[in-house]
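The values are calculated or read from the model by the stated rules, or taken from the named source; none is laboratory data. Owing to the predicted nature of the structure, the values given are computational and were not obtained by experimental measurement. Virtual Cβ from ideal backbone geometry, glycine too; neighbours counted across all protein chains shown.
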Amino acid sequence: MRNRYPIKQYNPSFLETSRIDAWWIGPVLTAMGLVVFVFYSTWAAFQNEHYLWGPYLSPFYSPLLEYDWWPLSPAFLILWAPAGFRLTCYYYRKAYYRSLFLTPSACAVGGRPQNYRGERFLLIFQNLHRYFLYLALILCLILGYDAILSFSFEDGFGVGVGTVVMTLNAVFLTAFTFGCNSLRHLVGGNVDCYSCVSFGYQRYKSWKFVSLFNTNHMEWAWISLFWVGFTDLYIRLVSMSIITDYRIF
Ligand code: FES
């Protein structure tokens with residue numbers, strides 16, 4: 001008897017096939033980006049020199065905490081805060097769970113044997129994210145202040161390439177921080193009924209504003225990560241007289 005409902009064989013298109021074959025590209029690029037940044041920032045922190053030039057201060061060393069009792073680079077007094085913020089970020093968790101630990105590396109792709117049992121035991125430190133957020137908000141203010149100071153040269157007001165680099169750094173880091181899921185929850189995401197709570201309208205508007213950045217949180221995460229490293233590198237190279245800071249104004 002003829003089958004009224006013959007089973008059609010599914011033939012993936014060329015595009016779908018190449019997507020399936022190339023599933024590893026995303027995790028490899030992500031892992032490379034994270035590893036390069038961790039190596040560079042650790043190396044830069046250990047240098048303990050060339051982090052200042054004229055009105056420019058490397059974001060890895062800001063705020064500059066130089067104390068006699070501290071024997072190491074001042075960067076280590078600062079970097080734990082932004083590092084903790086990024087390490088516990090919801091986006092970065094997904095990125096490094098998938099790329100570095102392959103658990104799994106992509107949707108419907110088999111990775112190494114799965115032992116993932118939720119963020120318990122050692123992974124409970126991920127719950128600290130909201131507290132790192134408070135520190136990150138303070139750092140955004142400090143980096144914004146550094147960016148304003150970068151307009152102040154020995155001969156008065158000016159704009160150098162470093163000024164632009166530092167200003168963009170403050171903008172990108174603020175955009176990344178403003179898109180934080182914890183901040184979104186804090187300003188209005190935890191409210192079920194805006195008209196039933198005090199300042200409901202303002203909280204709704206704040207939630208909408210933060211949501212603008214949250215939509216592209218991954219992009220802001222990578223842009224700000226790259227740019228903060230580039231800002232340190234730029235100031236370092238200028239300070240070492242390898243390149244010259246061009247004065248625009
Ligand atoms: Fe990414 Fe908070 S979720 S910074």
Residue 140 fails exactly one of (1) away from the ligand (no atom under 16 Å from the Cβ); (2) without any contact (Cβ under 8 Å) to a residue 60 or more places away in the chain; (3) surrounded by 14 or more Cβ atoms within 10 Å (Cβ to Cβ); (4) not charged (D, E, K, R), namely (1)
Taking the range 82-104 and the residues there that are of a type in the set (Lys, Arg) and within 12 Å of the ligand (Cβ to nearest atom), the one that is farthest from the chain's Cα centre (by Cα) would be 94
Does residue 214 satisfy the condition of being within 12 Å of the ligand (Cβ to nearest atom) and touching a Gly at 6+ places or on another chain (Cβ under 6 Å)?
-> yes
Original post:
Taking residue 173, is it under 26 Å from residue 57 (Cβ atoms), touching a Cys at 6+ places or on another chain (Cβ under 7 Å) and in contact (Cβ under 8 Å) with a residue 60 or more places away in the chain?
Top reply: yes
Among (1) touching a residue at least 12 places away in the same chain (Cβ under 8 Å); (2) of a type outside the set (Phe, Trp, Tyr); (3) out of contact with any strand residue (DSSP E or B) (no Cβ under 6 Å at 6 or more places or on another chain), residue 150 falls short only on (3)
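Within the range 67-101, count every residue that is outside any helix (DSSP H, G or I) and touching a helix residue (DSSP H, G or I) at 6+ places or on another chain (Cβ under 6 Å).
So the count comes out to 4.
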Exercise. Within the range 197-211, is there a residue that is in contact with a helix residue (DSSP H, G or I) (Cβ under 9 Å, 6 or more places away or on another chain), surrounded by 13 or more Cβ atoms within 10 Å (Cβ to Cβ) and closer than 30 Å to residue 49 by Cβ?
Worked result: no
If you go through 157, 209, 213, 178, the only one that is more than 22 Å from the chain's Cα centre (by Cα) and hydrophobic (A, V, I, L, M, F, W, C) is 157
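Residues checked against (1) surrounded by fewer than 17 Cβ atoms within 10 Å (Cβ to Cβ); (2) of a type outside the set (Phe, Trp, Tyr); (3) at pLDDT 95 or above; (4) touching a helix residue (DSSP H, G or I) at 6+ places or on another chain (Cβ under 6 Å):
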position	(1), (2), (3), (4)
3	yes, yes, no, no
11	yes, yes, no, no
40	yes, no, yes, yes
105	no, yes, no, yes
Of the residues in the range 57-73 that are over 17 Å from residue 233 (Cα atoms) and in contact (Cβ under 8 Å) with a residue 24 or more places away in the chain, the one that is surrounded by the fewest Cβ atoms within 10 Å (Cβ to Cβ) is 72
- Query: If we scan the range 37-45, do we find a residue that is closer than 22 Å to residue 226 by Cα and within 16 Å of the ligand (Cβ to nearest atom)?
  - Reply: yes
Going by the conditions given, is residue 139 over 21 Å from residue 236 (Cβ atoms) and either among the hydrophobic types (A, V, I, L, M, F, W, C) or assigned to a loop (DSSP other than H, G, I, E, B) (or both)? no
Expected single match for at pLDDT 95 or above and within 13 Å of the ligand (Cβ to nearest atom) among 163, 174 is 174
Within the range 31-63, of all residues that are within 15 Å of residue 80 (Cα to Cα) and small (Gly, Ala, Ser), the one nearest to the chain's Cα centre (by Cα) is 41
